Amino acid sequence: MDVPFKLEVIALTTVIIKLGVSLFPYSGKNNPPMFGDYEAQRHWMEITVNLPIQDWYRNTTDNDLLYWGLDYPPLTAYHSYLTGLMAKKINPDYVNLLASRGFESPNHQFFMRMSVLVSDCLFFISALYFYIKNLKMDNKYKWVFFALCSHPGLTLIDYGHFQYNSVSLGLALWAIIFVSKGRNLWAAVAFSAALNFKQMELYHAIPIFFYLLASCHRKASTLMSQLVNLIKIGVVTLATFALIWYPFLQLHDGLLQQVLSRVFPFNRGIFEDYVANFWCTLNVLVKIRRILEPTSIASYCLLLTALFSFPCGLHLYFKNSLRNLHLCLINVSLAFFLFSYHVHEKSILLVTLPVSIASPYFPFTAFWFLSISHFSMLPLYAKDDLILPAGAVLALYCLLANSSLKLEMGRSMQFKCLAGISAIGSAVLALLFLICPNPPAYPYLWTLLVSVWSFAHFSVFFAYFLYVQFWVGSQSLKLKMQ
Amino acid sequence: MLWRIFASITFGKLLFIPSYRSTDFEVHRNWLAVTHSLPLNKWYVDDTSQWTLDYPPLFAWFEYLLSWVACLFDPEMLKVENLNYASQNTVLFQRISVIFTDVVYALGVQKCLYSIGSTQGGNSPTILAFLLLCNVGLFIVDHIHFQYNGFLTGILLLSVGSILQKENLKAAFWFSVLLNLKHIYLYIAPVYFVYLFRSYCIEIQKSRLTFHFKRLIKLGMVVVTTFGVAYGPFVGQFQQVMSRLFPFENRGLCHAYWAPNFWAIYNIVDKILAVSARLFGWTTVSTTTASMTGGLVQEFEHAILPSVGPKTTLICTLLALIPAIVILLRQPNQPRVFVRAIVLCAFASFLFGWHVHEKAILIVITPLTLLAVSSHEDCRLFLLLSITGHVSLFPLLFTPFENVSKIFLVLTYSLASYSFLSALHYDPKSKSTLVKFRSWERLFLYGLVAVALFESFIHSMVDPSGKLPFLPLLIMSVYCAVGVIYVWLLFVIASLKTEKKISKQK
């Protein structure tokens with residue numbers, strides 16, 4: 001008795017959940033003067049619609065870069081432009097130059113939330129649905145897979161806090177899909193687009209690069225044809241970049257440098273607030289910001305990140321397979337998250353994408369990781385008044401993805417104990433965070449504990465994923481959902 | 001499994017707490033205030049707010065109990081003068097009270113789940129639980145629009161479940177409780193009367209009739225006691241309570257938005273005839289009746305066809321009830337026949353009743369769900385009715401967010417029910433994996449999609465200034481009425497047929 005349309009039903013259900021979350025507040029709601037990410041996105045629509053393209057990244061009288069200046073690459077700016085045009089048509093007050101700062105209304109919230117939903121459907125949900133529909137997997141697991149990939153963190157950040165991660169993650173997912181179908185050129189286009197939407201996609205760049213490099217090698221026999229393949233990919237990538245950056249390449253009056261300095265701001269500190277990575281946790285014991293210069297901190301970041309990323313990339317090059325691509329994506333992005341410069345807690349979404357895509361190999365471990373990544377953003381949800389939807393979506397996630405538990409049931413007693421401790425600990429910590437006030441001596445105690453607890457989990461997961469990539473042979477790592 | 005489904009849908013309901021609330025929200029807040037702050041003798045008298053108490057006493061007691069919990073959230077909502085008070089805590093409390101009382105609904109579903117009996121076996125309890133607990137009509141009306149229908153339907157299901165488990169006294173008790181909570185369920189009271197009289201009080205064995213007088217007394221006692229407990233404190237103001245419960249003035253044949261019933265079609269035919277008469281000069285009848293787009297007029301004077309008053313609707317309803325009575329009398333003590341009769345009765349009241357609300361379609365859909373898991377024909381009719389009925393609820397939600405959500409909600413539920421029921425009724429012989437609709441039924445459903453899209457989006461795009469505000473409602477109501485009447489006719493035929501088949505076997 002095979003239920004038809006089960007995948008479609010679960011896809012529609014995730015949309016309903018997203019619509020529900022959309023009803024709740026966004027980042028910076030009712031919070032002048034700066035508001036939050038929602039106002040930033042609205043402001044970018046205002047800037048791109050009203051100002052000429054050369055001024056989008058430049059500090060001018062009309063464009064005060066200190067008030068949410070554009071700091072994503074041009075594709076985000078074009079996306080804001082298109083959305084801004086629609087906004088202008090619906091109600092010019094949404095994007096009036098300077099006058100619309102801090103504009104808030106229920107209809108505007110509806111418009112903005114719908115823009116996220118439309119972008120999500122066009123880029124991410126389409127990619128996920130297409131990927132899973134065409135996968136060689138038993139139908140009864142496909143919907144669990146879809147449910148696992150629609151994890152709470154992504155829903156809450158995009159539809160709650162307010163961002164457009166679904167666009168860049170969707171494009172990256174399309175790149176993975178193209179790569180798995182052997183269409184390298186399309187993959188290069190998709191990934192370049194993803195990278196030009198959010199520069200954080202660099203987290204995924206190394207694995208994609210090494211995979212494409214190896215596939216050039218694999219697809220052709222002679223050195224000449226391999227080189228031709230490589231050149232084709234290079235040309236396509238450069239062409240995509242050139243097309244997107246074209247308006248900013250023309251004027252050589254410092255415009256390109258200006259845009260690059262906005263997109264890669266090295267003057268910002270090594271971390272902001274509390275994030276579950278290595279540096280923030282180290283900072284608890286050793287106040288690195290006081291001891292070291294920013295430039296030397298930056299070099300240490302580079303060193304550690306490279307130390308973990310390149311071996312994974314090289315391993316992928318020599319043992320080129322899709323399984324290794326997934327694992328390498330996980331490991332490199334996790335290495336970047338843990339060790340690189342100026343990491344936001346939201347950057348965990350770049351790790352959650354490959355983990356969720358690789359979940360057929362280890363459904364419960366993936367589910368566990370995705371839940372912890374949701375938990376690690378608890379302070380952010382609290383700031384945005386999103387605790388109720390965060391909790392409800394997590395509960396729904398646990399109920400829907402519950403079947404994944406049974407799929408990895410052959411696990412030992414220790415594993416189940418560990419999982420139980422992790423769950424109980426997280427629940428207790430969440431309660432303490434929400435209920436107990438911070439002691440005056442340590443005004444961010446609970447937030448810090450949440451970060452440290454999450455970091456502990458991420459490090460252990462990191463060790464596990466490295467172990468899986470390097471030591472577990474492909475025979476033992478069978479697809480659990482088959 | 002039932003409680004897992006219930007937990008999931010409960011978390012889903014939590015996500016819709018901030019959505020649009022209708023005036024029903026203020027209605028219930030007012031009732032919380034009235035029952036909490038005023039003495040008993042003022043409950044049915046107070047008219048500080050226009051939303052006076054018009055449900056029976058047990059519901060007033062229910063609100064009274066809730067008001068003590070409401071104290072903990074925000075005592076300000078319990079002040080009668082605080083009209084339209086809607087602080088964050090008030091909204092939170094009221095929404096959670098609806099979500100929480102749905103536990104009664106889950107208990108009702110549980111009672112019916114295993115006793116309905118299914119020829120399919122296997123997964124049918126799970127699928128039935130899903131279809132009932134996640135019913136999107138209840139979701140829209142209870143958790144967005146705001147009402148307590150889940151709670152009430154739960155009590156109805158407890159009553160029906162008791163009948164299914166042959167606990168007739170319990171069934172009578174639960175139904176009496178239900179009548180004292182919301183008197184709209186008087187619509188299906190005839191079924192109870194006939195069934196309990198015929199199947200419980202009378203026994204025919206080998207053409208020997210026994211009348212169990214004692215059982216009749218017991219039934220009477222249960223009903224009278226329940227009513228007594230409910231109305232006891234209000235004995236002094238009985239007249240006043242009745243006038244609140246049955247306000248016959250100011251209520252027309254149809255609600256502002258015509259429920260998709262027979263009278264909607266009657267109205268539209270009348271309008272068409274009137275317009276044609278004017279165009280072709282058939283008669284000189286003055287068409288002073290309100291234009292068809294002035295939907296707020298509730299008192300209807302039909303132009304060409306004879307005007308319809310409450311007595312006419314009563315007679316039509318009673319006539320439509322005949323099939324229900326017939327099957328109950330000819331097949332006593334068959335719980336499934338009882339459920340069929342409930343559906344037939346609910347249909348009759350919906351299609352021919354006076355001043356029917358579109359939400360009443362849920363009283364037809366819920367019992368029909370119980371039958372959907374067992375026979376292929378009932379499953380088809382359930383799907384047709386639920387899709388049509390839920391789409392007919394669209395005009396209840398018109399704010400931007402809810403306009404989009406309602407489409408996804410109804411689409412997902414319809415697709416899910418279609419998929420699950422298809423898998424359940426899978427016929428290995430014909431190898432078809434999907435429930436089959438006739439070609440005209442499929443056409444109707446495509447048309448329904450067009451009507452739904454017109455109501456949600458297209459109308460506001462084509463007519464932004466709102467010159468014809470009631471046009472989409474009119475089209476929706478008439479189109480759905482066609483669907484509802486079609487399902488009714490097929491259901492009547494199916495009910496009489498089954499009944500005939502079994503009596504032939506005897």
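The values are calculated or read from the model by the stated rules, or taken from the named source; none is laboratory data. Computed from a predicted structure; not experimentally measured. Cβ: placed from backbone, ideal geometry, glycine included. Neighbour counts: every protein chain shown.
Details
- When B:Trp61 is tested against (1) more than 14 Å from chain A (Cβ to nearest Cβ); (2) surrounded by 20 or more Cβ atoms within 10 Å (Cβ to Cβ); (3) assigned to a helix (DSSP H, G or I), exactly one condition is not met: (2).
- Listed by first and then second residue, the pairs linking a residue in region A:182-209 that is more than 16 Å from A:Ala335 (Cα to Cα) to a residue that is outside any helix (DSSP H, G or I), with Cβ atoms under 6 Å apart and 6 or more places separating them unless they lie on different chains, are A:Asn196/A:Pro73; A:Lys198/A:Tyr72; A:Gln199/A:Pro73.
- Lone unmet requirement of (1) modelled with pLDDT under 90; (2) within 14 Å of chain B (Cβ to nearest Cβ); (3) crowded, with 18+ Cβ neighbours inside 10 Å; (4) more than 30 Å from B:Ile9 (Cβ to Cβ) for A:His108: (1)
- Any hit, region A:206-218, residues being surrounded by 13 or more Cβ atoms within 10 Å (Cβ to Cβ), at pLDDT 85 or above, over 24 Å from the mean Cα position of the chain (by Cα) and hydroxyl-bearing (Ser, Thr, Tyr): yes
Condition check ((1) closer than 23 Å to A:Leu169 by Cα; (2) buried (at least 16 other Cβ atoms within 10 Å of the Cβ)) across all residues:
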residue	(1), (2)
A:Thr237	yes, yes
A:Phe241	yes, yes
A:Trp245	yes, yes
A:Val286	no, no
A:Ile297	no, yes
A:Cys312	yes, yes
A:Phe318	no, no
A:Leu325	yes, yes
A:Ile330	yes, yes
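- Qualifying residue in region B:270-280 (condition: under 26 Å from B:Ser349 (Cα atoms), surrounded by 14 or more Cβ atoms within 10 Å (Cβ to Cβ) and not assigned by TED's automatic domain parsing to the domain that holds B:Ile163): yes
- Scan region B:16-52 for residues that are at pLDDT 90 or above, more than 14 Å from chain A (Cβ to nearest Cβ) and under 30 Å from B:Leu409 (Cβ atoms) and the total you get is 11.
- Residue within region B:354-362 that is under 27 Å from A:Val21 (Cβ atoms), away from chain A (no Cβ under 14 Å) and not in a helix (DSSP H, G or I) present: no
- One residue alone among B:Phe420, B:Phe394, B:Phe444 is at pLDDT 90 or above and over 21 Å from B:Ala481 (Cα atoms), and that residue is B:Phe420.
- Entirely in region A:259-346, the helices (runs of 4 or more DSSP H) that have 3 or more residues that are without any contact (Cβ under 8 Å) to a residue 24 or more places away in the chain: A:278-285, A:288-291, A:294-318
- Every residue from region A:133-181 that is of a type in the set (S, T, N, Q) and either surrounded by 22 or more Cβ atoms within 10 Å (Cβ to Cβ) or without any contact (Cβ under 8 Å) to a residue 24 or more places away in the chain (or both): A:Asn134, A:Ser150, A:Thr155, A:Gln163, A:Asn165, A:Ser166, A:Ser168
- Residue check, B:Ile322 at pLDDT 90 or above and more than 15 Å from the chain's Cα centre (by Cα): yes
- Failed item in (1) buried (at least 19 other Cβ atoms within 10 Å of the Cβ); (2) touching a Leu at 6+ places or on another chain (Cβ under 9 Å); (3) farther than 29 Å from A:Phe318 by Cβ, with A:Val275 passing the rest: (2)
- The set of residues from region B:27-57 being surrounded by 21 or more Cβ atoms within 10 Å (Cβ to Cβ) and more than 21 Å from the chain's Cα centre (by Cα) comprises B:Arg29, B:Asn30, B:Trp31, B:Leu32, B:Ala33, B:Val34, B:Thr35, B:Trp43, B:Tyr44.
- Annotation note: Cβ proximity below 6 Å between a residue of region B:198-225 that is exposed (fewer than 12 other Cβ atoms within 10 Å of the Cβ) and a residue that is in a helix (DSSP H, G or I) (sequence gap 6+ or interchain) occurs for no pair.
- Yes/no for A:Lys6 being surrounded by fewer than 22 Cβ atoms within 10 Å (Cβ to Cβ), within 14 Å of another protein chain (Cβ to nearest Cβ) and over 25 Å from A:Tyr129 (Cβ atoms): no
- Scanning region A:13-52 for residues that are in contact with a helix residue (DSSP H, G or I) (Cβ under 7 Å, 6 or more places away or on another chain), within 14 Å of chain B (Cβ to nearest Cβ) and not in a loop (DSSP other than H, G, I, E, B) yields A:Thr13, A:Val15, A:Ile16, A:Ile17, A:Lys18, A:Leu19, A:Gly20, A:Val21, A:Ser22.
- Within region A:14-55, the set of residues being among the basic types (Lys, Arg) and surrounded by 22 or more Cβ atoms within 10 Å (Cβ to Cβ) comprises A:Lys18, A:Arg42.
- Residue-level check: of (1) buried (at least 18 other Cβ atoms within 10 Å of the Cβ); (2) touching a Phe, Trp or Tyr at 6+ places or on another chain (Cβ under 7 Å); (3) of a type outside the set (S, T, N, Q), B:Ile485 misses just (1).
- Out of B:Phe300, B:Phe382, sole residue that is out of contact with any Lys or Arg (no Cβ under 9 Å at 6 or more places or on another chain) and either surrounded by fewer than 18 Cβ atoms within 10 Å (Cβ to Cβ) or at pLDDT below 90 (or both): B:Phe300
- Residue within region A:233-244 that is at pLDDT below 95 and under 21 Å from A:Lys319 (Cβ atoms) present: yes
- Taking the criterion of being within 19 Å of B:Gly447 (Cα to Cα) and either touching a residue at least 40 places away in the same chain (Cβ under 8 Å) or facing chain A (nearest Cβ under 7 Å) (or both), the only residue of region B:415-427 that qualifies is B:Leu415.
- Counting only helices (runs of 4 or more DSSP H) that sit completely within region B:68-182, those holding 1 or more residues that are of a type in the set (A, V, I, L, M) and within 14 Å of chain A (Cβ to nearest Cβ) correspond to B:88-113, B:124-133.
- Selected residue (only one of A:Ala127, A:Ala99, A:Ala87 is part of a helix (DSSP H, G or I) and over 18 Å from the mean Cα position of the chain (by Cα)): A:Ala87
- Matching residues in region A:154-194 - criterion: being of a type in the set (S, T, N, Q) and in a helix (DSSP H, G or I): A:Thr155, A:Asn165, A:Ser166, A:Ser168, A:Ser180, A:Asn184, A:Ser192
- Residue within region A:235-251 that is farther than 19 Å from A:Ile348 by Cα and not in a helix (DSSP H, G or I) present: yes
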